[in-house]
1. Considering only residues that are assigned to a loop (DSSP other than H, G, I, E, B), among the charged types (D, E, K, R) and touching a strand residue (DSSP E or B) at 6+ places or on another chain (Cβ under 8 Å), which ones fall in region 115-136?
2. Out of Ser140, Ser135, Ser164, I need the residue that is under 23 Å from the mean Cα position of the chain (by Cα), open to solvent by 20 Å² or more (accessible area, probe 1.4 Å), modelled with pLDDT under 90 and among the small types (Gly, Ala, Ser). Which one?
3. What number of residues in region 191-200 are open to solvent by less than 60 Å² (accessible area, probe 1.4 Å) and part of a loop (DSSP other than H, G, I, E, B)?
4. Could you go through region 176-188 and let me know if any residue there is within 21 Å of Arg307 (Cα to Cα), over 13 Å from the mean Cα position of the chain (by Cα) and open to solvent by 50 Å² or more (accessible area, probe 1.4 Å).
5. Can we say Gly284 is surrounded by fewer than 19 Cβ atoms within 10 Å (Cβ to Cβ) and either at pLDDT 90 or above or in contact with a Gly (Cβ under 8 Å, 6 or more places away or on another chain) (or both)?
6. Count, please, the residues in region 201-247 that happen to be open to solvent by 60 Å² or more (accessible area, probe 1.4 Å), of a type in the set (A, V, I, L, M) and touching a strand residue (DSSP E or B) at 6+ places or on another chain (Cβ under 9 Å).
7. Under 8 Å by Cβ, and 6 or more places apart or on different chains, what pairs join a residue from region 15-28 that is over 19 Å from Cys54 (Cα atoms) and free of Cβ contacts under 8 Å to residues at least 60 places away in the same chain with one that is open to solvent by less than 40 Å² (accessible area, probe 1.4 Å) and hydroxyl-bearing (Ser, Thr, Tyr)?
8. What are the residue pairs meeting all of these: first residue in region 126-148, first residue of a type in the set (Asp, Glu), second residue open to solvent by 80 Å² or more (accessible area, probe 1.4 Å), Cβ atoms under 9 Å, and 6 or more apart or on different chains?
Amino acid sequence: MDKLSSVGLCGWMRFKHLLLLIHLDRRRNMHAAARQMHLSQPAASKMLRDLEACFGFAIFERQPRAMVPTELGAQLVRHAEILLNDTERMVEDIQRRREGGYGRLLIGAIPAAAPEILPAAIAALKRRRPRLSVSIDEQSSDRLLQALEYKQLDLVIGRLTAVSQHNLFDFEPLLEEPLRVVVGSEHPLADQAQVTLAALRHWPWILHPPTSPMRQVFEAALADAGIASPDDTIETTSTQTTLQLLLSAPMLAVLPRSVLERPLASGQYVVLPLAIGKPLDSYGIITRKLEPLSSAAAELVDELRLRVASASSPTSDPAALDESRY
């Protein structure tokens, strides 16, 4: 078997080869992938044969009703997506700068971070870079980390969800996050002085998806207490949707402490007197290993560190710290 050479590959492979791999992976059908690329099916089939000859292994298994990536093929598709996403970001960044802009910063954030330290850090960054375009994607950590790996985000404020992710990402802890059980103020349990986890199982719950750290803490607490998972659930990562649902029906939700300050102040919600498991592991700054941050992303990281430092020091004034640094 000939050894693969990056020099030889760069001299032969084109972006259309990467596109074919991605379209085939998504559609699992050569005709559909060829149509998406405005190619004839014989031309697309030849491109795939050339790729397989170049790499020396079958990329897709030809099944009667679908084309399924082989184990090595799936890894090749993953790299193709990363390369194309990186290229898309490059074109977008250069185009914005040609038009007089200052680039774009794509941030992923879990709901706990979104209302707490992130807004103040972004506001401080925008005061110095008013023409920087900032985009925030708020989801659970598992989804955000996939987007970070595939270069759809510049950095994530969240949690690692698997030990193996330490090989892909660097993690800098910021804050620990306790969980609370929340109901609308009209809920029958809202005025209870004492409740137990077992008594809550048969109520409808609003929960994060099973792969999220918040859901895993909840399920672990149930397992430790010997209680089965609730049957009546709605799954969402949206804090706003969760809060609206709590007002619409007698439901329960598990939410991080940081998102509850304003809702509780409104008088529309009540935190039940019940601890759910241990606090979530600290959330923090997650970046791709061995990849330098852009200057804008590095500045945002500095601001996040400043917010955490000021939060732990009651006498510190973040605004005053901003002025003293710049």
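The values are calculated or read from the model by the stated rules, or taken from the named source; none is laboratory data. Computed from a predicted structure; not experimentally measured. Glycine also receives a Cβ, built like all others from the backbone with ideal geometry; neighbour counts cover every protein chain displayed. Surface areas here come from the heavy atoms of the whole protein model, side chains and all, with no ligands, DNA or RNA. Shrake-Rupley method; radii C 1.70, N 1.55, O 1.52, S 1.80 Å.
1. From region 115-136, those assigned to a loop (DSSP other than H, G, I, E, B) are 115-117, 129-132; that's our starting set.
Those still in the list that are among the charged types (D, E, K, R) too: 116, 129, 131.
Of everything in region 115-136, just one residue is assigned to a loop (DSSP other than H, G, I, E, B), among the charged types (D, E, K, R) and touching a strand residue (DSSP E or B) at 6+ places or on another chain (Cβ under 8 Å), namely Glu116.
2. Details: Ser140 fails: open to solvent by 20 Å² or more (accessible area, probe 1.4 Å); Ser135 fails: modelled with pLDDT under 90.
Selected residue: Ser164, the only one of Ser140, Ser135, Ser164 that is under 23 Å from the mean Cα position of the chain (by Cα), open to solvent by 20 Å² or more (accessible area, probe 1.4 Å), modelled with pLDDT under 90 and among the small types (Gly, Ala, Ser).
3. The qualifying residues number 1.
4. Yes, that holds for at least one residue.
5. Numbers: surrounded by fewer than 19 Cβ atoms within 10 Å (Cβ to Cβ): no; either at pLDDT 90 or above or in contact with a Gly (Cβ under 8 Å, 6 or more places away or on another chain) (or both): yes.
Against the criterion (surrounded by fewer than 19 Cβ atoms within 10 Å (Cβ to Cβ) and either at pLDDT 90 or above or in contact with a Gly (Cβ under 8 Å, 6 or more places away or on another chain) (or both)), Gly284 does not qualify.
6. Residues flagged as open to solvent by 60 Å² or more (accessible area, probe 1.4 Å), of a type in the set (A, V, I, L, M) and touching a strand residue (DSSP E or B) at 6+ places or on another chain (Cβ under 9 Å) within region 201-247 amount to 2.
7. From residues that are over 19 Å from Cys54 (Cα atoms) and free of Cβ contacts under 8 Å to residues at least 60 places away in the same chain, there are no pairs.
8. Asp137/Arg143; Asp137/Gln152
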